[in-house]
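The values are calculated or read from the model by the stated rules, or taken from the named source; none is laboratory data. What you see is a predicted model; the values in this text were computed from it and never measured. Don't worry about glycine lacking a Cβ; one is built from the backbone with ideal geometry, like all the others, and counts go over all protein chains shown. We work out accessible area using only protein heavy atoms, side chains counted, and drop any ligands, DNA or RNA first. Shrake-Rupley method; radii C 1.70, N 1.55, O 1.52, S 1.80 Å.
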Amino acid sequence: MHLQMPSFAATLTYDTLRFGEFEDFPETSEPVWILGKQYNALTEKDDILSDVTSRLWFTYRKNFPPIGGTGPTSDTGWGCMLRCGQMILGEALVCRHLGRDWRWAKGHKQREEYISILNAFIDKKDSYYSIHQIAQMGVGEGKPIGQWYGPNTVAQVLKKLAVFDTWSRLVVHVAMDNTVVIEEISECSCVATCHFRSMLTISYSCALAEEETALWKPLVLLIPLRLGLTDINEAYIETLKQCFMLPQSLGVIGGKPNSAHYFIGYVGEELIYLDPHTTQPAVEPCEDGQVPDETYHCQHPPCRMHICELDPSIAAGFFCRTEDEFDDWCMRIRRLSCNKWGLPMFELVDSQPSHMVSVDALNLTPGKYKNCICFVKHIPKIEIWIINFTSFKIPFTDFSDSDRLERFFDSEDEEFEILSL
């Protein structure tokens, strides 16, 4: 709920309360994990805050050009998940162009790659990942402009927008049904060398030629998950923590119904996150191409919440710059799945299992089955969610509408989402 007062005053009130509530980072001997980096809160507090501040912080903005020419000029109240999607992808671009160990310093001249990353998110229609692009691409996912997104929808939108980012040349793969299929990732991330050789000209530099003819495109892996029905199943908590410890971690987007956050780590039983629910004025790049960037970095201690308060509908992200990094991620995930202290959140397989049905084989019309009754059964030993639909049968004859199922099960409240068939 937003108070009926001038947005500037509301923003000041929100920020003041938020700053006061989270001013002190906990004095604890427990390790602090931030996107694959471990810290000691007693001796490395400055390093922790420097790491957090260096993450890109995308929040509500106001007074930007109307979305679609005649649409909203602010995303306050509806754009929080879109901003979280920007943050998780922004972290991928930072890792891609600057490296995980890059640190932001207030008032210092920044590298050109950093400025290019910021320009990709500026609130205008021609930026790769602007609120305008995400909102308008979401229309194709069944989400009108101004409607709240779920984690799966924003993941699907980012996947489509990344195709047009010729500078970063990322592959965004969205793993559905709680299953990461290595074969599918290899098909979309491995680039045929001969294809690019035919496109290269003598005018290209040797460095560019070497990169373009590489057999692997940097991978952003997004995994939409549902870790319970209304509350997170405690059996997943330790596994979720382990995800923040992986060097490939991009964090997690989720939060609470209609209130999204970008989770970047944890300490003890608390998740550490960046909160997009602050309205700031839209930023205009300078004439020399530089971007006033102080409002894109959270310069106060990060927010925290108990892990049990997390809504079960999330999307976990990972970045693998090279094929070796992806192989390392697979090895670590397999190792985690062998541990007995928690249930695996998803399955890693070499090829698509026979029990899975591709979404391309389903033909659902959004809204057509709103009144259907769903019974969900969880079998812990083999980690499968079985969903029985009592009022209709799923047709398997039309292969033309591959996105309909994802839209249908990524509704505003996301009460149900197919995890495995």
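So which residues in the range 251-265 are open to solvent by 10 Å² or more (accessible area, probe 1.4 Å), outside any loop (DSSP other than H, G, I, E, B) and not basic (Lys, Arg), if there are any at all?
Once the filter is applied, which keeps residues that are open to solvent by 10 Å² or more (accessible area, probe 1.4 Å), outside any loop (DSSP other than H, G, I, E, B) and not basic (Lys, Arg), the range 251-265 yields 259, 261.
Within the range 1-103, which helices (runs of 4 or more DSSP H) (wholly inside it) include 2 or more residues that are modelled with pLDDT of 95 or more, closer than 26 Å to residue 117 by Cβ and not small (Gly, Ala, Ser)?
It comes to 45-54, 80-97.
Looking only at the range 164-192, filter to residues that are without any contact (Cβ under 8 Å) to a residue 24 or more places away in the chain and assigned to a loop (DSSP other than H, G, I, E, B); which one of those is least open to solvent (accessible area, probe 1.4 Å)?
Only one residue tops the list, namely 192.
Inspect the range 120-134 for any residue being part of a helix (DSSP H, G or I), of a type in the set (S, T, N, Q) and touching a Gly at 6+ places or on another chain (Cβ under 9 Å) and give the result as yes or no.
No, the range 120-134 has no match at all.
Mind listing whichever residues of the range 21-35 are surrounded by 14 or more Cβ atoms within 10 Å (Cβ to Cβ) and either touching a His at 6+ places or on another chain (Cβ under 8 Å) or under 16 Å from residue 274 (Cα atoms) (or both)?
Answer for the range 21-35, where residues must be surrounded by 14 or more Cβ atoms within 10 Å (Cβ to Cβ) and either touching a His at 6+ places or on another chain (Cβ under 8 Å) or under 16 Å from residue 274 (Cα atoms) (or both): 22, 25, 32, 33, 34, 35.
If I ask for residues that are surrounded by 24 or more Cβ atoms within 10 Å (Cβ to Cβ) and of a type in the set (Phe, Trp, Tyr), which ones from the range 44-92 would you list?
Within the range 44-92, just 58 meets the criteria.
For the range 267-295, name all the residues that are under 14 Å from residue 108 (Cα atoms) and touching a residue at least 60 places away in the same chain (Cβ under 8 Å).
Correct list: 290, 291, 293, 294.
Collect the residues in the range 276-302 that are open to solvent by 10 Å² or more (accessible area, probe 1.4 Å) and under 18 Å from the mean Cα position of the chain (by Cα), keeping them in residue-number order.
Once the filter is applied, which keeps residues that are open to solvent by 10 Å² or more (accessible area, probe 1.4 Å) and under 18 Å from the mean Cα position of the chain (by Cα), the range 276-302 yields only 277.
Keeping to the range 215-250, report how many residues are part of a loop (DSSP other than H, G, I, E, B) and either within 19 Å of the chain's Cα centre (by Cα) or small (Gly, Ala, Ser) (or both).
Counting residues in the range 215-250 that are part of a loop (DSSP other than H, G, I, E, B) and either within 19 Å of the chain's Cα centre (by Cα) or small (Gly, Ala, Ser) (or both) gives 8.
Would you check which residues across the range 37-69 are farther than 26 Å from residue 277 by Cβ and in contact (Cβ under 8 Å) with a residue 60 or more places away in the chain and list them?
38
Just wondering, is there one or more residues in the range 303-311 that are buried (at least 22 other Cβ atoms within 10 Å of the Cβ) and of a type in the set (Asp, Glu)?
So far as the range 303-311 goes, yes, one or more of its residues are buried (at least 22 other Cβ atoms within 10 Å of the Cβ) and of a type in the set (Asp, Glu).
Which residue pairs have Cβ atoms closer than 7 Å, lie 6 or more positions apart in sequence or on different chains, and pair a first residue in the range 99-121 that is open to solvent by 80 Å² or more (accessible area, probe 1.4 Å) with a second residue that is not charged (D, E, K, R)?
Close Cβ pairs satisfying both conditions: 111/98.
Within the range 284-295, is even one residue over 25 Å from residue 95 (Cα atoms) and in contact with a strand residue (DSSP E or B) (Cβ under 8 Å, 6 or more places away or on another chain)?
no
I'm told residue 39 meets every condition in (1) within 29 Å of residue 149 (Cβ to Cβ); (2) crowded, with 16+ Cβ neighbours inside 10 Å except one. Can you identify the failing condition by its number?
Only one criterion is unmet by residue 39, namely (1).
Out of everything in the range 219-250 that is open to solvent by less than 30 Å² (accessible area, probe 1.4 Å) and among the hydroxyl-bearing types (Ser, Thr, Tyr), what residue ends up being modelled with the highest pLDDT?
Within the range 219-250, the match that is modelled with the highest pLDDT is 249.
Among the residues of the range 288-321, which ones are out of contact with any helix residue (DSSP H, G or I) (no Cβ under 9 Å at 6 or more places or on another chain) and hydroxyl-bearing (Ser, Thr, Tyr)?
Passing the criteria: only 295.
Quick check on residue 327: is it assigned to a helix (DSSP H, G or I), open to solvent by 30 Å² or more (accessible area, probe 1.4 Å) and at pLDDT below 90?
No: the conditions fail for residue 327.
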